[in-house]
Amino acid sequence: MKTKLEDVFGVSSKPVLSYVERDQVDKRFIEALKSDKQIIVYGSSKQGKTALVSKYINYEQNVSVSLSPKTTILDIYSSILRQSGVSIQINFSESTSREASLGIVGKFKATLPFFGGSEIEGNNDLKSSVSKDYEHEEIPFNLALPQDISEILRKIKFNKFIILENFHYLDDQLQQEFAYDLRSFQEMGIRFIILGVWREKNKMVQFNGDLLDRIEEVPVEPWLEEDFLKVIKKGAEELSISFPQDLLNECHDISFKSIGVLQEILKEICISAGISEKQKTLTNISHNPHLKNAVSKKAEDYLVRHQRALEAIASGNSNSASSSPEGLTPLFLPYYLVRVILESGYEGLANGMKRSVLQTKIQDIHHRSNNVRASDMSNLLHNLAKLQNNKTISPPIIDYDRSTKYLQIVDSTFYFFLRHADLSEILQELPSPLDE
């Protein structure tokens, strides 16, 4: 069976044949696997987080939970138990306490995935009956408590990794709550691999200082030029094709250190050149018009998504007007944030933007410049993730690093958009809440 183009180049949920190992990333991840620590894999979107994990961890042989903006702590723990073979039935109880809102207190009937055994003794709260094939136990527990979850997993001799994909979809409150649970899981020997779209170091430690020295962080960025060239070379060999050096250099330059953009550009170049599978003999691909076609195609793809995302961010929250003092026009800070992004362009955002600079730029163009306070900026920046979740912007395109106080781009395709889109035209078309 011939190797297909999609097996080699492009962004895919499955490992591609052009994957290359990077000493500063792969070795660090391998060493983290050998430790007893929780593992955090982070970086901008489409920068190889899932590819890295799936290279060394078989998803099917471990437990994987894909998170969404609607996911709760309850959902995570329920999924872990189900995937571990624990069949649960819960008697729901209502309460205003955190225990009930996050972990329903009650009894569940668990069919544990192990065979044989004898009657369990010594615990009046634990009822057991043994069937011919498996054991049933009715156990009172709190689904919100990592201690309870860990005891159940240890009882079935659980020895897998739990992979949490898209951790950034949880709002900050849930991330912080899970950070406290993560410490308990670590003490009980339950290992997690968490993948998230952010560029901030020690994000989980900021939520819970007790995680210091208990987690291992593996950033997937930066991608070096030599890494890009290795990816291109390996992929070309898999397809039996070759690229001219000037094309390689330009592919690197226009990818803005994003492996996802590079992969998509290479895929579109091959499509333009009529390459859909491995060639029988070595085939040379020329520079033009294939690179030009590839750039045009991806610019069009990214334009649609990112323009809509910026418009959604600019519209802000529906209750923004009601939060403004009576008689005053609301601040509409999300709108002015988007204006600064479009006016600053790639050059202004390539290395992030300092909070103080961002506030000054917003004040310079704001209709109530003297009223844009530090607290207003904090409210805007600290809720960026939540705002983008509410607007179904997936993955998020921007994030705020509280440790460095920088606004950062976390969608690697957004750099490409900023470079190739007509930002002035998009700015003119941006709906202004002041006109409403």
Nearest 20 debye, what's the magnitude of the dipole of the chain about its Cα centre given +1 on Lys and Arg Cβ and -1 on Asp and Glu Cβ?
-> 540
Computed from these coordinates, which is log10 I(q)/I(0) by the Debye sum over Cα atoms at q = 0.08, 0.10, 0.14 Å⁻¹: [x] -0.57, -0.84, -1.28; [y] -0.52, -0.77, -1.27; [z] -0.44, -0.70, -1.33?
-> [x]
Under a point spin-label approximation (7 Å from Cα along Cα-to-Cβ), what is the GLU300-LYS4 distance to one decimal in nm?
-> 2.3
For the range 257-359, with all protein chains present and a 1.4 Å probe, just round the carbon and sulfur fraction of the accessible area to a whole percent.
-> 49
For TYR180 paired with ASN293, estimate the spin-label separation in nm (one decimal), with each label point 7 Å from Cα along the Cα-to-Cβ line.
-> 5.8
Cα-centred dipole magnitude for the range 357-410, charges only on beta-carbon of K, R (+1) and D, E (-1), debye, nearest 20 | 100
Percent relative contact order for the chain, counting Cα pairs under 8 Å at least six residues apart, stands at 19
Among GLN388, LEU418, TYR400 the positive-end extreme of the charge dipole of the range 375-436 (Cβ point charges) = TYR400
Quick one: which residues, 5+ away or cross-chain, put their amide H under 5 Å from the amide H of SER87? H built at 1.01 Å from N.
-> THR111
Surrounding net charge for ALA51, when Lys and Arg each add one and Asp and Glu each subtract one, Cβ distance under 12 Å | +3
What is the set of long-range amide H partners of GLU217 at a cut-off below 5 Å, with H atoms built 1.01 Å from backbone N?
-> ILE40
Simple spin-label model, 7 Å along Cα-to-Cβ: ASN379 to LYS405 in nm?
-> 2.0
Extension length gain for ASN58 and MET188 (0.36 nm per residue less Cα distance), in nm, is 44.5 nm
Find the accessible area per residue for the chain; the probe is 1.4 Å, ligands and nucleic acids are left out, and the unit is Å².
-> 49
Residues with amide H under 5 Å from that of ILE241, placed H, sequence gap 5 or more = THR283
So what is the 222 nm mean residue ellipticity for the chain from helices alone, if each DSSP H run of at least 4 adds -39500 (n - 2.57) and you divide by all residues, rounding to the nearest 500 deg cm²/dmol?
-> -13000 deg cm²/dmol
Between the residues ASN58, VAL338, GLY316, the Cα farthest towards the positive end of the dipole of the chain, that dipole coming from +1 and -1 charges on the beta-carbon of Lys, Arg, Asp and Glu, is from ASN58
Would you kindly find the accessible area of LYS14, with a 1.4 Å probe and non-protein molecules such as ligands, DNA and RNA excluded, rounding to the nearest 10 Å²?
-> 130
Environment charge of PHE228, counting only residues whose C-beta is closer than 12 Å and scoring Lys/Arg +1, Asp/Glu -1 = 0
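The values are calculated or read from the model by the stated rules, or taken from the named source; none is laboratory data. Everything numeric here is computed off the predicted structure, so don't read it as measured data. Glycine gets a Cβ as well: all are built from the backbone with ideal geometry, and neighbour counts include every protein chain shown. Only protein heavy atoms, including side chains, enter the accessible area calculation; ligands, DNA and RNA are left aside. Shrake-Rupley method; radii C 1.70, N 1.55, O 1.52, S 1.80 Å.
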